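Undergrad: Quick one: structure below, then a few questions.
The values are calculated or read from the model by the stated rules, or taken from the named source; none is laboratory data. Model, not experiment: these values are computed from the prediction. Note that we place each Cβ from the backbone using ideal geometry, even for glycine, and neighbour counts take in every protein chain shown.
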Amino acid sequence: MREKHQTDKGAWVKDLRLYVHVPFCVKKCDYCDFLSGPSDEKGIEDYFNALYKEIRSYKSRTDEYVVSSIFIGGGTPSCVESKYISRTLMELKNVFSLAADISPEITIEVNPGTIDKEKLIEYKNAGINRISFGLQSADDKELRFLGRIHSYSEFENNYLLARELGFDNINIDLISSLPGQSIKSWENTLLTVAKLNPEHISAYSLIIEEGTPFYDLYGPEGIYKDRLMSEEDDRIIYKMTKEILSSCGYNRYEISNYAKPGYICRHNMAYWEGESYLGIGLGSASYIDHTRFNNTGSLIEYLNINELFGYKHNIIMSTNNENTGLLHDFFGIRKNIEPLSINQRIEEFMFLGLRKTDGASKSDFYRRFNITMDDIYYDVLRKSEKEGLVIIDGDMVRLTDYGIDVSNIVLAEFLVPGTVPGTVPGTEKNK
């Protein structure tokens, strides 16, 4: 359901989520295909100067939106000096209006070993109210295997420090189905993390991505491809994850995400519910007015913002240019601009809606597309229901546990003939 918020003046405006990409890390992990890597201080400073200018380019173009969540991701945002994070949030607040009728969710991704007390205090003072730890495993051998720079004890110390400083909304990222990983090891990771009682746990299955060292070793032509976990064991892990986390008070609200009551990740729900989100920074993805696009992935091209426009000139352009909407590109950094067809929007509604455990709403489908779900998918829904893959419960259509196990096969049934679905960030994570 598309959200709106009421301003202090009584006007109703559209909901917007912001993603800010910080493409730096201490060391790129062997499985990671995200746009990230190490840099020196000069490179970091140049990047943030360009980032600030991109943020300012939205001045006077945001009146019809109110921001309900900000997500600072990477890379490893916590590996840079905290002054850059504080300045970024200040720039955002100078340009965008934050929601007044709800408390905006402001998240930063951190890696153990890259934060300390001073950083966390500055984050809190800057308005960050949600921390997302990239732990991945509670087993030190598995952490070394993944190429992580930290141990479990370092993570635990960082986690307890965040608690001590008053952070009461913490997520922990975990990755299962590692080559050679035992089911018992994954069970131990789940139980160990659940004992810490974080508000949110994201439990993703490892994806072997092209262009990574892991792909060379474990991909289709890799010499260790036989070490990948079997589909049967992968299904056992999915079932075990749900059972263990449910027994610890976590509700599964999306295929890979679990939360205590009241702590569903507001930002990621934008991806799964088709809400508008704006990506800021190198390679970041956006979805505005049924149009998908992303910023350039070339650092040289992105840094050219610093050469093309000065601060004053940028503000003048933003104020006086006739096209002031969020879709307008001042710097020429936007790529792959794709207005989605009605068929693509219908497909994505089903693909993403069925990832949520609540499922996809028939009434919301009609409100968005002025046609019923049965008009498009009657045969597919009845076939999937008969095969035990979906449950049709009044207004909602959702996957069964078995349907989740074979979700890729099920979701392929919801392709509208003649189209190819777009890809959406936030559905898998290899970071």
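Undergrad: Could you count how many residues in the stretch 61-108 are in contact with a Phe, Trp or Tyr (Cβ under 9 Å, 6 or more places away or on another chain), of a type in the set (A, V, I, L, M, F, W, C) and not in a helix (DSSP H, G or I)?
TA: 9
Undergrad: Here are some residues: 78, 153, 86. Which one is in contact (Cβ under 8 Å) with a residue 24 or more places away in the chain and surrounded by fewer than 23 Cβ atoms within 10 Å (Cβ to Cβ)?
TA: Sole residue among the options that is in contact (Cβ under 8 Å) with a residue 24 or more places away in the chain and surrounded by fewer than 23 Cβ atoms within 10 Å (Cβ to Cβ): 86.
Undergrad: Can I ask one more? Within the set of pairs 6+ apart or on separate chains, which have a first residue in the stretch 178-189 that is in contact (Cβ under 8 Å) with a residue 60 or more places away in the chain, a second that is not in a helix (DSSP H, G or I) and not small (Gly, Ala, Ser), and C-beta atoms under 6 Å apart?
TA: From the stretch 178-189, no pairs qualify.
Undergrad: Return the pairs, sorted by first residue and then second, in which the second residue is among the polar types (S, T, N, Q) and assigned to a strand (DSSP E or B), the first residue lies in the stretch 62-74 and is within 13 Å of residue 97 (Cβ to Cβ), the beta carbons are less than 8 Å apart, and the residues are 6+ apart or on different chains.
TA: Short answer, once both residue conditions are applied: 70/107.
Undergrad: Ok, one more. Here is a list: 260, 312. Which entry is at pLDDT below 95, among the basic types (Lys, Arg) and surrounded by fewer than 18 Cβ atoms within 10 Å (Cβ to Cβ)?
TA: Going through 260, 312 in turn, just one is at pLDDT below 95, among the basic types (Lys, Arg) and surrounded by fewer than 18 Cβ atoms within 10 Å (Cβ to Cβ): 312.
Undergrad: Checking residue 32 against (1) at pLDDT below 95; (2) surrounded by 23 or more Cβ atoms within 10 Å (Cβ to Cβ); (3) not acidic (Asp, Glu), only one condition comes out false. Which one?
TA: Unmet condition: (2).
Undergrad: Of all residues in the stretch 387-406, which are surrounded by fewer than 16 Cβ atoms within 10 Å (Cβ to Cβ) and either assigned by TED's automatic domain parsing to the domain that holds residue 238 or in contact with a Ser or Thr (Cβ under 7 Å, 6 or more places away or on another chain) (or both)?
TA: Passing the criteria: 388, 391, 395.
Undergrad: Shifting gears a bit: Output the residues belonging to the stretch 98-113 that are more than 21 Å from the chain's Cα centre (by Cα) and crowded, with 18+ Cβ neighbours inside 10 Å.
TA: Answer for the stretch 98-113, where residues must be more than 21 Å from the chain's Cα centre (by Cα) and crowded, with 18+ Cβ neighbours inside 10 Å: just 113.
Undergrad: Could you tell me which residue of the stretch 375-386 is farthest from residue 406 (Cα to Cα), considering only residues that are out of contact with any Asp or Glu (no Cβ under 6 Å at 6 or more places or on another chain) and surrounded by 14 or more Cβ atoms within 10 Å (Cβ to Cβ)?
TA: Top of the filtered list is 376.
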